[in-house]
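Everything on this sheet refers to the single structure shown next.
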Amino acid sequence: MKNSIYSISITVLTIFISSCTKDKVGGNLPYPEIICSEPISFNNEILPIIQNNCTGCHDNQNGYTLTNYQNIKSNYSAIVGAMKGQGFLLMPDGGPALPDSIVEKIQCWVNQGLKNN
């Protein structure tokens, strides 16, 4: 009896430990399905996208202020959600939806650590 309890305990412990060491696909990335091949610059790529498509309405009005790095960083999930129409009203308001390549660029910037570069 002691040997079977010992064997079962060792088996359960081994399974538990080995399952914790396996990486899941995408790790802890917010958007694991997005493959990013190039570094994304906030100042040269992300900020212009937001300025051209969002700040016409979201500049200290309409719920979100998207005029600076900190506000954009803090609201990235709402920005992506609105651009994809997932959990938020599809933006830009009145459409059309932005191309997937633009949304993916923002997702890459997020996956790369939301750098202020």
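General observations
- Over the range 56-117: Kirkwood hydrodynamic radius from C-alpha pairwise inverse distances, Å: 12.1 Å
- Qualifying GluC sites (Glu not before Pro) in the range 26-117, where qualification requires a DSSP coil assignment and no more than 14 other C-beta atoms within 10 Å, comprise GLU33.
Here, each number is a calculation from the coordinates, and none is a lab measurement. Here the structure is a predicted model, which means the values were calculated and not measured. Every residue, glycine among them, receives a Cβ derived from its backbone with ideal geometry; neighbour counts consider all protein chains shown.
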